[in-house]
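Trainee: Structure provided below as structure tokens; questions to follow.
Bear in mind these aren't lab numbers, they're just calculated from the coordinates by the rules spelled out. The shown structure was predicted, so the numbers you read here are calculated from the model rather than taken from an experiment. So basically every Cβ, Gly included, is an ideal-geometry build from the backbone, and we count neighbours across all protein chains shown.
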Amino acid sequence: MSDKKAAQIPRNEGCAFDLAYINKIKINHSAVLRRTDSMVKRRTVKKEYQAAWLLKAISCMDLTTLAGDDTPGNVLRLCDKAKQPVRQDLLDSLGMAKHNLHVGAVCVYHNLVPIAVQTLKGSGIPVAAVSTGFPAGQIPMEFKLEEIKASVKAGAKEIDIVISRANVLRGDWKALYNEVSLFRKACGDAHMKTILATGELGNLTNVAKASYISMMAGSDFIKTSTGKESVNATLPVSLVMVRTLRDFYESTGQMVGFKPAGGIQKSKQALEWLILIKEELDAAWLSPELFRFGASSLLADIERQLEHYITGRYSAAYRHPMA
């Protein structure tokens, strides 16, 4: 699938809740670990191929700032970096000067959405807002829905929602479906990325069930983590989630996106996730419409690796500021 076709992927309208199907889902933890361990040890990308894959990773990045000390100035600088994520001299050397390379989205808290929207106007880069009481989700439902609607009204084109982990831990799968369905309705035309907070779901079978139910309820993306848990994106969790994406696609014909987030800081890690997507799904998923990294410091390391590819030397970190 070309990028042009990927851009035409329809919204996920969801489907009816099917508890019988959910109850059949079982994950073999040991088999998952063997698969991801084998992938890391046996797959590698070098030289110009590595540079090309790292450029692809940049285009699939949600450049993110979700800190307690975020300011309008931080967001302005982050948006400028989103529009030109790699220094011009490096782009010239890579033959990418005319390709309009930019990140997939900028992700911020709700109160900073208007600043990001204004700064990115005309760039083609959407603004994503974290919502529903991010990161814990421990606020009343009416507040969650109002927060979603307010972010959409402020100009956010993507909403990253968090599920109530208690529904998963209790095995109340219908409650999870109903919750995500309400979020989906509140998002309106905005794309919805559902954060599972997998490090707090107990086991991989729960991760698989929560992933599938989120897609049944209309999620356009499923996302590993908020980045605030003690354990965030891991390859085993990601393998389980992308296989549920594949199962959902085979059952319904609907393509749903995937976003690993939290703890992905190095170029080598980014390559591992790109390889995972390529091998487990298809090259069609390697586009911003279906794959995103939730990242902040990752971009600086990728830019540093690209300079090493061009010059043969590693530069100082200050040559690749994030903001």
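Trainee: Pick from Ala261, Ala128, Ala20 the residue whose mean-square fluctuation is largest in a GNM of the chain, springs joining Cα atoms under 10 Å.
Mentor: Among Ala261, Ala128, Ala20, the largest mean-square fluctuation in the Gaussian network model of the chain belongs to Ala20.
Trainee: At a Förster distance of 35 Å, what's the computed FRET efficiency of Leu33 paired with Ala283, Cβ-Cβ distance as r, to 0.05?
Mentor: With R0 = 35 Å, the Cβ-Cβ based efficiency is 0.85.
Trainee: What FRET efficiency comes out for the pair Glu48/Gln8, r = Cβ-Cβ distance, R0 = 25 Å, nearest 0.05?
Mentor: 0.25
Trainee: Tell me, Lys144, Lys259 in order of fewest to most beta-carbon neighbours within 10 Å?
Mentor: Lys144, Lys259
Trainee: Helix check for the chain. Which DSSP H runs span at least 15 Å along their own axis by Cα, with a mean Kyte-Doolittle hydropathy no less than 0.0?
Mentor: 204-216, 235-252
Trainee: Another question, if that's okay. Stokes-Einstein at 25 °C, 0.890 mPa s, Kirkwood radius from Cα pairs: D for segment 29-319 in µm² s⁻¹?
Mentor: 127
Trainee: Which residue fluctuates the most in the chain, going by a Gaussian network model with Cα springs under 10 Å, if the choices are Phe248, Phe143, Phe258?
Mentor: Phe143
Trainee: Cα centroids of segment 231-261 and segment 148-200: how far apart, whole angstrom?
Mentor: So the two Cα centres are separated by 16 Å.
Trainee: A further question on this structure: Evaluate the relative contact order of the chain (contact order divided by residue number), counting alpha-carbon pairs under 8 angstrom at least 6 apart; express in whole percent.
Mentor: 22
Trainee: Mean residue ellipticity at 222 nm from the helices of the chain, using -39,500 (n - 2.57) per DSSP H segment of n ≥ 4 over the full residue count, to the nearest 500 deg cm²/dmol?
Mentor: Per the formula, -14500 deg cm²/dmol.
Trainee: Over the Cα atoms of segment 25-103, Rg to Rh with Kirkwood Rh, two decimal places?
Mentor: With Rg and the Kirkwood Rh in hand, the quotient comes to 1.15.
Trainee: Could you identify which residue out of Ala150, Ala300, Ala16 has the top mean-square fluctuation in a GNM of the chain using Cα springs shorter than 10 Å?
Mentor: Sorting by GNM fluctuation, first place goes to Ala16.
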